[in-house]
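The values are calculated or read from the model by the stated rules, or taken from the named source; none is laboratory data. These numbers come from a predicted model, not from an experiment. FYI the Cβ positions are ideal-geometry reconstructions off the backbone, even for glycines, and counts take in every protein chain you see. The area values use the complete protein model at the heavy-atom level, side chains included, leaving out ligands, DNA and RNA. Shrake-Rupley method; radii C 1.70, N 1.55, O 1.52, S 1.80 Å.
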Amino acid sequence: MNAILAERGITDPTPPQKDAGPKIQQALNVLLVAPTGIGKTEAAILPIFDALHQTGKRPGIRCLYITPLRALNRDMMKRMKDLGTDLGITVDVRHGDTSAYDRQRQSTHPPEVLITTPETLQVMFTGKRLAEHLKNVRCVIIDEIHELADNERGAQMSVALERLAAHAGEFQRIGLSATVGNEKEGARFLVGVK
């Protein structure tokens, strides 16, 4: 994996990546708060991709990457899909504009990493086959968590995450933000009240 990262110019981890990486590798829940452009996405996804690569191909969706911004989906999709291709990890995106053909394909051949929105996560439980694939989720990354922490979309996502935990068992939760106001409250929002 190091050679693949070096080809992409990722050689020296940033301080947040150094700090968060080992915790994520230990499957701990992590709220990563760092300025924009410091590599938060890579801090979260690289250890997850490494774990997926190490454990080899397995059925179902193993990681959900939830973002409230559809435009961000496309950027994340390209970066993750390119890296996933190099590592043999399937990555796809699903949101309200995903075609019927692609939704059907994802139901029969789910990606290992699925990038989606909070609203689409709720809808995914209604499809019998897709819901079955969600039973394999072991990690959920929530980008821009500050955008969701105090509104209706966030409340709906929290319900969906608890529904997912009841469906798939407990999973690792990773939150990313540049501007979360209160880190303790952000962490509580991420993991729920236990």
Practice task
List the relative contact order of region 103-157 as a percent without decimals, with contacts defined as Cα pairs under 8 Å and 6+ residues apart.
Solution key: 43 percent
Handout entry: R163/K184 FRET efficiency (R0 35 Å; Cβ-Cβ; nearest 0.05)
Key = 0.90
Completion exercise
Counting lysine pairs in the chain that sit 8 or more positions apart or on different chains, with Cα atoms under 18 Å apart, gives 8
Handout entry: Over region 45-159, relative contact order from alpha-carbon pairs under 8 Å, at least 6 apart, %
Key = 38 percent
Exercise for the section: On a C-alpha basis, how far is the centre of region 38-52 from the centre of region 118-136 in Å? Whole number, if you could? Expected result: 23 Å
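Report, to the nearest whole %, how much of the accessible area of the chain belongs to carbon and sulfur atoms, 1.4 Å probe, protein only.
52 percent
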Problem - Relative contact order (%) - criterion: Cα under 8 Å, at least six apart; region: the chain - result: 27 percent
Practice task
May I ask you to give the solvent-accessible area per residue for the chain, in square angstrom, as obtained with a 1.4 angstrom probe?
Solution key: 50 Å²
Fill in the blank from the handout: A155 and S99 label points (each 7 Å along its Cα→Cβ direction) are spaced in nm at 3.8 nm
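How fast does the chain diffuse by Stokes-Einstein, in µm²/s, taking the Kirkwood radius from C-alpha pairs at 4 °C and 1.567 mPa s?
Reported coefficient: 77 µm²/s.
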